[in-house]
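The values are calculated or read from the model by the stated rules, or taken from the named source; none is laboratory data. Predicted model, so just to flag it, every value in this text is computed and none were measured. Virtual Cβ from ideal backbone geometry, glycine too; neighbours counted across all protein chains shown. Protein only, heavy atoms only, side chains kept; ligands, DNA and RNA dropped before computing areas. Shrake-Rupley method; radii C 1.70, N 1.55, O 1.52, S 1.80 Å.
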Amino acid sequence: MIKSIKLTVIVICFFAANLTAKANMHKVCPHLLASSSMVINIEGKFVNQEKNRTSMSIEWRHHNNDLDTFFVNLYDSPSFNFITSGSYRYMEFGYPKVKRQLGLHHLRENIGKTPLKLDDLELLANGYFMCPDSTKPKPNNNVFATAASNTWWSLVVDSLPKPERAVMRGVQKKTRYFSIANWKSYAGETLPTLASVASDDYSGNIWIRSAYPAQALKVDPLNKPVIPKILLPVPKLLGKISMEGERKIPLILKLNQQLLGK
């Protein structure tokens, strides 16, 4: 009787441990490059898989409690906007705007002719990585396993919180290497200023041109219409003669009328 009770307890503990491990593996711990609402302007120049030079600029509007928007400007392909909430995403093209709904499998697509993927924007916006496995005695905090990526499986950095080297590994044995030259504080957020990126068939450089809090967009003078200041009253016009109130007869005409006896 006692043996059967012990066996039952062991089996229950075994299944409980497995369920806990699975729960930990599927729990998402977002790791965001920017933890506050920011506007980040990114530039990139590459030699792509076809050995052609290509470049891009991105204005990334990151929001804590709203959709993230990437305004992607490409110099050899149509530009577009990429909008994501994590649970759904879409692209906007042209004017008037044409929307294209995107599924997870679409994230493997390249951004124009650059070697970057739409999945890279998704990871930047939402930082979907799985939590470290708490069942291991010494979890490796420098290894980040992706939780909802269709391109990348892991991101491994050499140190924290300001790594100098990083490696991304993914589908079809894809490997990408980053070398980060410098980190800088932008309005309280520490971001990499310049990073070189390389793989077996492409290379390039990515840098942050500027970054500032999203609230600054509300007071940006370039976003407000300029109302011209009128220093002098505008006269009312009748034909080509300025009019203001009742017309007055010029003095020379009055003298002529007196001399003529009129």
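Quick notes on this one:
- As a summary of the residue check, residue 95 satisfies the conditions (1) within 18 Å of residue 40 (Cβ to Cβ); (2) among the aromatic types (Phe, Trp, Tyr); (3) modelled with pLDDT under 90 except for the one numbered (1).
- Filtered by the rule that a residue be assigned to a strand (DSSP E or B) and over 12 Å from the mean Cα position of the chain (by Cα), the stretch 44-71 gives 44, 45, 46, 47, 53, 54, 55, 56.
- Residues in the stretch 141-153 that are in a loop (DSSP other than H, G, I, E, B), touching an Asp or Glu at 6+ places or on another chain (Cβ under 9 Å) and free of Cβ contacts under 8 Å to residues at least 40 places away in the same chain: 142 only.
- Cβ-Cβ under 7 Å pairs, at least 6 apart or on other chains, the stretch 192-216 side without any contact (Cβ under 8 Å) to a residue 24 or more places away in the chain, far side of a type in the set (D, E, K, R) and open to solvent by less than 40 Å² (accessible area, probe 1.4 Å): none
- Test: residue in the stretch 121-128 that is assigned to a strand (DSSP E or B) and buried (at least 19 other Cβ atoms within 10 Å of the Cβ): no
- The residue list 117, 138 contains one member that is open to solvent by 80 Å² or more (accessible area, probe 1.4 Å) and among the basic types (Lys, Arg), which is 138.
- Scanning the stretch 102-114 for residues that are buried (at least 18 other Cβ atoms within 10 Å of the Cβ) and under 17 Å from residue 153 (Cα atoms) yields a total of 1.
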